[in-house]
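Single-structure report; data block below.
The values are calculated or read from the model by the stated rules, or taken from the named source; none is laboratory data. All values reported here derive from a predicted model rather than from experimental measurement. Please note: Cβ atoms are built from the backbone with ideal geometry, for glycine as well, and neighbour counts cover all protein chains shown. Only protein heavy atoms, including side chains, enter the accessible area calculation; ligands, DNA and RNA are left aside. Shrake-Rupley method; radii C 1.70, N 1.55, O 1.52, S 1.80 Å.
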Amino acid sequence: MLEYLEPQWFKKAKALPEKKSGHATEVPEPPTVSESAIDRTVKLYIGGKQSRPDSGYSISVRDTHGKILGEAPLGNRKDIRNAVEAARKASAWGKATTHTRAQVLYYIAENLSQRTDELERRLEALVGRRQAKREVAAAIERIFSYAAWADKYDGAVHSPPLRSISIAMNESIGAVGVICPNELPLLVCFRWFCR
């Protein structure tokens, strides 16, 4: 991590001259870091770590007017296999109590609702203002809804308001891969994230 934080020129820099009393010494300007010294490779986030895509390529993400907003890594079969393996190893969410799941989802929904303006601005560049407002509102509402229902499906016997009983038996689906479409990118991803 230090390699990314400490500039190359700092390692080779000369020691600063000692300050003499009464005389002000000028501190030389540090040389600029060349752009090639900084690793700007677009990375994937798999299994809690950043990794370069196996293909080594990235794709441009453009707004509605064609202006480049950024780059996204272009994964291939190996990257997908690594992501699926990491998802299968991550069993903490499936083993968490329903109350814990509900609390995590509430926490996410509350934090996203506080950052609604920022989310709308970022999404507006991709899909337009009107759709961005609707999509952010629907995504946050959906997370609140899933948080409210998270502890209702706990595999226990419930007594609904009718004269009957109901039992909820849950079985995990396993690893689910989601490719977010351009039409509703935020809403689709949150839908699968909350399950």
Q) Once Lys and Arg get +1 and Asp and Glu get -1 on their Cβ, which of Ile46, Val61, Ala86 lies farthest toward the positive end of the dipole of the range 41-100? A) Ala86
Q. At a probe radius of 1.4 Å, what is the per-residue accessible area of Arg62, in Å² to the nearest 10?
A. 120 Å²
